[in-house]
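The values are calculated or read from the model by the stated rules, or taken from the named source; none is laboratory data. The model shown is predicted, which means the values in this text are computed figures rather than measured ones. Positions of Cβ are generated from backbone atoms using ideal geometry, with glycine treated the same way; all protein chains shown enter the neighbour counts. For the accessible areas, the whole protein counts, side chains as well, though only heavy atoms, and no ligand, DNA or RNA atoms are used. Shrake-Rupley method; radii C 1.70, N 1.55, O 1.52, S 1.80 Å.
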Amino acid sequence: LESGPVMCWGNGQFGQLGNGISKTVQNEPVEVTGLAGPVVDITAGEYHTCALLKNGKIQCWGLNGAGQLGNGITREFLGRNVPVDVIGLPAPAQAIAAGTNHTCARLMNGTVWCWGNDEYGQLGDGTKFRHSLPVVVIGLESGTAAVASGGAHACVLTTGGGARCWGDNQVGQLGDGTEADRSTSVEVSGLENGVAAITAGISHTCALTTDGGAKCWGYNGIGQLGDGTTTN
């Protein structure tokens, strides 16, 4: 990271380890090559990886079949095995979050931008068309403090202590009381105590509340909501 190299390991089929080699498995860490500066944050999707640089720029590598690398190109099913620049962000980024086949970034101006697959509206721009360049998430005028991406949905912690989500909602992972997909952000209901942090799994979401508790919503088939049931 900022004090040294970025290291990755595991499946490198689509170049997601960033070491210049594809279609390999590494059971020990290998160095990511071609990063344009010190790294302050890193996130991994299903088959792609992105790094936030100290200067606020973002670089991504791995599978790019849906444009999830943000370099203006889609359908790169062989992927990129070294980092490429995310193009078109209007301000430096402060945080990044990768979903299965999409990526989101929170910028220093408080806006959130996403790119990649948009089948369920997970880019939050009001469409369901994949984008290989970042598009702004609609409905976040209240300001954002953090961003999280799930499998095909994404959420933010707002500066007012609430949460908003968008994208796939087939099992209620957006927390708005429905199971309708949303291509723009909607407010999560039932968080009256305020939210201190938020994170997303493939099809569920959890929030740390300001009173030290936790609340979760979405898919619960194997008990990931922690409420003692397996009911979504």
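The modelled label-to-label distance for the pair Ile87/Ile21, using points 7 Å beyond Cα in the direction of Cβ, is 3.0 nm.
If the range 142-190 were replaced by its equivalent ellipsoid, with semi-axes equal to the square roots of 5 times the Cα gyration tensor eigenvalues, what would those be, largest first, whole Å? Kindly include the intermediate steps, with their values, before the conclusion.
Working: eigenvalues 60, 25, 13 Å².
Square roots of five times the eigenvalues give 17, 11, 8 Å.
Taking R0 as 35 Å, what FRET efficiency do you get between Ala214 and Glu46 from their Cβ-Cβ distance, rounded to the nearest 0.05? So, using R0 = 35 Å, E works out to roughly 0.85.
Between Gly177, Ala197, Cys104, the Cα set farthest toward the positive side of the dipole of the chain (charges on each charged residue's Cβ, about the Cα centre) is that of Cys104.
The percentage of C-alpha pairs in the range 33-148 whose separation is greater than 19 Å is 36%.
Remark on Asp41: its backbone amide H falls under 5 Å from those of Leu52, a criterion applied only to residues 5 or more positions apart or on other chains, H modelled at 1.01 Å from N.
Nonpolar atom fraction for the range 148-232, defined as the carbon and sulfur part of the 1.4 Å probe accessible area, stands at 49 percent. Stokes-Einstein diffusion for the range 91-167 at 25 °C, viscosity 0.890 mPa s, with a Kirkwood radius from C-alpha pairs, works out to 208 µm²/s. Mind telling me which of Asp168, Asp41, Asp118 comes out most flexible in a GNM of the chain, alpha-carbon contacts under 10 Å? Result: Asp41 has the largest fluctuation of those listed.
Using alpha carbons only, the radius of gyration of the range 47-87 set against its Kirkwood radius gives Rg/Rh = 0.96.
For Lys128, a cut-off of 16 angstrom between C-alpha atoms picks up these aspartates and glutamates, skipping any fewer than 8 places away in its own chain: Asp118, Glu119, Asp168, Asp181. Label positions at Gln224 and Ile202, each projected 7 Å from the Cα along the C-beta direction, are separated by 0.7 nm.
Calculate the dipole size of the range 1-147 relative to its Cα centre from +1 charges on Lys and Arg beta carbons and -1 charges on Asp and Glu beta carbons; express the result in debye to the nearest 20.
That gives the range 1-147 a dipole magnitude of about 180 debye.
For the chain, the spread of Cα coordinates along the three principal axes comes to 47, 37, 36 Å, biggest extent given first.
Taking a point 7 Å from the Cα of Glu192 along the Cα-to-Cβ direction, none of the residues of the range 158-179 has its backbone N closer than 12 Å to it. Within the full protein context, the accessible area of Ile87 is estimated at about 80 Å² for a probe radius of 1.4 Å. The three principal axes of the Cα atoms in the range 5-85 give end-to-end lengths of 31, 30, 18 Å, sorted in falling order. The residues of the range 135-232 expose, per residue, 43 Å² of accessible area to a 1.4 Å probe. Tell me, how many Å apart are the Cα centres for the range 125-195 and for the range 46-104? Here the answer is 20 Å between Cα centres.
Subtracting the Cα-Cα distance from 0.36 nm times the residue separation, let me have the gained length for Met7 to Gln170 in nm, one decimal.
Values: separation 163, 0.36 × 163 = 58.68 nm, distance 3.53 nm.
Gain on stretching Met7 to Gln170: 55.1 nm.
Can you tell me how the range 118-232 classifies by the Cα gyration tensor, rounded, prolate or oblate, using a/c under 1.5 as the rounded cut? Cα axes put the range 118-232 in the oblate bin.
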